[in-house]
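Report on one structure; see the data block that follows.
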Amino acid sequence: MKNDGRKLSHDTLEEIRIRAVQQVEAGESPEVVIKALGFNRSQIYRWLALYREGGYEALKKA
């Protein structure tokens with residue numbers, strides 16, 4: 001089952017992005033993290049790129 005991020009509040013999405021990146025930074029596989037969240041596989045790599053370019057602030061603005 002895939003989640004539709006458009007149906008979630010901005011604050012909820014921001015928290016999901018930050019927690020997902022934190023899990024990957026802690027050593028979890030991006031594939032495992034995004035599958036558990038039910039989002040499209042490409043999302044985790046987009047979030048990681050944003051984080052690497054601008055830190056957690058970039059994830060808040062996404």
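Each value in this text was obtained by applying a stated rule to the coordinates, not by laboratory testing. Values in this document were obtained by computation on a predicted structure and should not be read as measured data. Quick reminder, even Gly has a Cβ in these numbers, built from the backbone with ideal geometry, and neighbours come from all protein chains shown.
Side notes on the structure shown:
- Computed on the chain, with alpha-carbon pairs under 8 angstrom and 6+ residues apart, the relative contact order is 37 percent.
- Derived value for the chain: Kirkwood hydrodynamic radius 11.5 Å. Basis is the mean of 1/r over every pair of different alpha-carbon atoms.
- Around the Cα centre of the chain, unit charges on the Cβ atoms of Lys, Arg, Asp and Glu (plus for the first two, minus for the last two) sum to a dipole of about 260 debye.
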